[in-house]
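The values are calculated or read from the model by the stated rules, or taken from the named source; none is laboratory data. A quick note: this is a predicted structure, and the numbers were derived from the prediction, not measured. Reconstructed Cβ throughout: ideal geometry from the backbone, glycine too, with neighbour counts over all protein chains shown.
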Amino acid sequence: MRIILYLGKGGVGKTTVSAATATAIARRGQRVLIMSTDVAHSLADALSVELSSTPVEVEKNLFAMEVNVLAEIRENWSELYSYFSSILMHDGANEVVAEELAIMPGMEEMISLRYIWKAAKSGNYDVVVVDAAPTGETMRLLGMPESYGWYADKIGGWHSKAIGFAAPLLNKFMPKKNIFKLMPEVNSHMKELHAMLQDKTITTFRVVLNPENMVIKEALRVQTYLNLFGYKLDAAVVNKILPQSSSDDYLQSLIDIQTKYLKVIDNCFYPVPIFKAKQSIAEIINTDRLYELSQQIFEDKNPADVLYIDDKTQILEKVDGKYVLSLYLPNVEVTKLNVNIKGDELLVDINNFRKSIILPNVLVGRKTEGADFAEGSLNITFAN
Ligand SMILES: Nc1ncnc2c1ncn2[C@@H]1O[C@H](COP(=O)(O)OP(=O)(O)O)[C@@H](O)[C@H]1O
Ligand SMILES: [Mg+2]
């Protein structure tokens, strides 16, 4: 069983690359499910089929579904909200409850994650490809496996309290389905899913990006947070690359900009492997086109494989009370080293190449105290 999650900024081609990956895997003979959590229904467009939250077989071995998070909330989870607003009206604790609900972790993402769990556990697929929502919420949820447990405990706690004090009053506001019975169950699913997501032989994350400044920054942020939470990035896919040259001045200027940013990408993601796809003139709207794109990206490699394994790309640790960020840079001989911070960005100049890293929030605003290079790792110490 493999789970492959594609992340990246909106519009870069996540849905297209995810669908291309799934098509290639299916045509190599493995059963694959591609799942999109995007409300824009772009997966259905890329595959030119109608999709719903029940998987359909698009072609041999290729199954696809679109999770309709909002419909699911409306059907199953909205009762929670209405239930608590009933309590709000009849219990004295309006403000407290309101605030607690306000800091609830992303319900939508939790529902999407639960679909991933279901697909992975179903035994129906060799590979599950997820075209994930690129929001901060997703990253937060991936980073806080316990938050769901915390939330479930809290709600369970309120529930028993409410029953104790105001049962007669509240009975008529009780949800029809017993949502509270479901809570611990969902909690254990979340824990199981988290273990699967952290198992690098099962789950790998891939980032899709374009050779553009803002897009690269977002992709680097993805890398930083994946590293921080112990998830593995096994590839970066650079999409929408223009031809190498053009006789048209306007196009040539765009190409020059891309060339510059392609170099930046090479430096910044090293040693994670980088795959490339050209900007296509034809619309990519069926599995044959998607397959062609997958051939361009992965060539003779199997996209279902774990494409890179490494435990030490970026490690953030506290050593003697100070944060030390270690960057793994194998096969680099360091003769000249310079480390600078610009806003939330760490710029590392090694010899003649520059690597930039988006700092996790705990490090933003701190100064560096020193840097040393040992056994292929650059270790940067931050001041308290
Ligand atoms: N390599 C490519 N060449 C041409 N068009 C592309 C390519 N990759 C994606 N597109 C198009 O770009 C648009 C955005 O792609 P999409 O996969 O929906 O991005 P995302 O899921 O990241 O928002 C779509 O219209 C898609 O068909
Ligand atoms: Mg999309």
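Would you pick out the residues in segment 282-328 that are surrounded by fewer than 15 Cβ atoms within 10 Å (Cβ to Cβ) and either among the small types (Gly, Ala, Ser) or in a strand (DSSP E or B) (or both)? The answer is 282, 317, 318, 319, 321, 322.
Residues that are under 30 Å from residue 220 (Cα atoms) and of a type in the set (Gly, Ala, Ser) were ranked within segment 27-65; the one that is farthest from ligand 2 (Cβ to nearest atom) is 64. What is the residue count in segment 270-281 for residues that are touching a Phe, Trp or Tyr at 6+ places or on another chain (Cβ under 6 Å) and crowded, with 16+ Cβ neighbours inside 10 Å? Residues that pass the stated criteria total 1.
For segment 48-67, the tally of residues that are under 22 Å from residue 12 (Cα atoms) and either at pLDDT below 90 or loosely packed, with under 14 Cβ neighbours inside 10 Å (or both) stands at 2. All conditions in (1) within 16 Å of ligand 1 (Cβ to nearest atom); (2) modelled with pLDDT under 95; (3) surrounded by 20 or more Cβ atoms within 10 Å (Cβ to Cβ) hold for residue 11, with the sole exception of (3). Of the residues examined, residue 287 is one that is of a type in the set (S, T, N, Q) and touching an Asp or Glu at 6+ places or on another chain (Cβ under 7 Å). Here segment 16-47 is the region considered, the condition is being modelled with pLDDT under 95 and hydroxyl-bearing (Ser, Thr, Tyr), and the residue that is farthest from ligand 1 (Cβ to nearest atom) is 37. Would you say residue 328 is hydroxyl-bearing (Ser, Thr, Tyr) and over 30 Å from residue 24 (Cα atoms)? So residue 328 passes the test.
For (1) surrounded by 15 or more Cβ atoms within 10 Å (Cβ to Cβ); (2) assigned to a loop (DSSP other than H, G, I, E, B); (3) touching a residue at least 24 places away in the same chain (Cβ under 8 Å); (4) of a type in the set (Phe, Trp, Tyr), each residue gets a yes or a no:
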| site | (1), (2), (3), (4) |
| --- | --- |
| 195 | no, no, no, no |
| 205 | yes, no, yes, yes |
| 216 | yes, no, yes, no |
| 220 | yes, no, yes, no |
| 228 | yes, no, yes, no |
| 234 | yes, no, yes, no |
| 238 | yes, no, yes, no |
| 252 | no, no, no, no |
| 268 | yes, no, yes, no |
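Based on what the data block shows, is residue 282 out of contact with any Ser or Thr (no Cβ under 9 Å at 6 or more places or on another chain), among the hydrophobic types (A, V, I, L, M, F, W, C) and assigned by TED's automatic domain parsing to the domain that holds residue 232?
Values: out of contact with any Ser or Thr (no Cβ under 9 Å at 6 or more places or on another chain): yes; among the hydrophobic types (A, V, I, L, M, F, W, C): yes; assigned by TED's automatic domain parsing to the domain that holds residue 232: yes.
Yes.
Within the set of pairs 6+ apart or on separate chains, which have a first residue in segment 322-337 that is of a type in the set (S, T, N, Q), a second that is in a loop (DSSP other than H, G, I, E, B), and C-beta atoms under 7 Å apart? Listed pairs, sorted by first residue: 326/312; 335/351.
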